[in-house]
1. Scan the stretch 33-62 for residues that are surrounded by fewer than 16 Cβ atoms within 10 Å (Cβ to Cβ), in contact with a helix residue (DSSP H, G or I) (Cβ under 9 Å, 6 or more places away or on another chain) and either part of a strand (DSSP E or B) or among the hydroxyl-bearing types (Ser, Thr, Tyr) (or both) and report the count.
2. If Gly30 passes every condition in (1) at pLDDT 95 or above; (2) outside any loop (DSSP other than H, G, I, E, B) but one, which one does it miss?
Amino acid sequence: MPTTERDIHASQIQDGSAQSGRHPYQCTDGQSRFVDFKNEGLTMEVRKSYEGEPLVLNAPAQGFQYRSANLSAHFRNTNLVLVTSEGAKVVCERGRKR
């Protein structure tokens with residue numbers, strides 16, 4: 001049974017119960033984020049607006065953190081946790097958008 005947001009999304013795509021696409025998150029910094037998963041879940045594109053320019057993060061394998069030059073991301077249960085290179089942390093909950 002899938003236990004993380006990435007696993008849930010991957011299983012829903014495989015069984016046809018969900019479509020691939022941009023997923024809305026509401027974050028503790030008061031901003032929304034929109035997330036796309038690509039490359040069999042190893043690439044995450046994070047946007048601050050639905051049509052905004054993506055910040056691309058990559059993971060070396062399933063279960064590892066996603067990373068870019070100045071941001072890392074991982075899932076804690078179904079929450080997306082973003083951490084800047086300075087250590088600032090933002091927690092985002094899926095499905096809630098303003």
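1. 1
2. (2)
The values are calculated or read from the model by the stated rules, or taken from the named source; none is laboratory data. Since the model is a prediction, treat every value here as computed from it, not as a measurement. Here the Cβ is made from the backbone with ideal geometry for all residues, glycine too, and neighbour counts use every protein chain on show.
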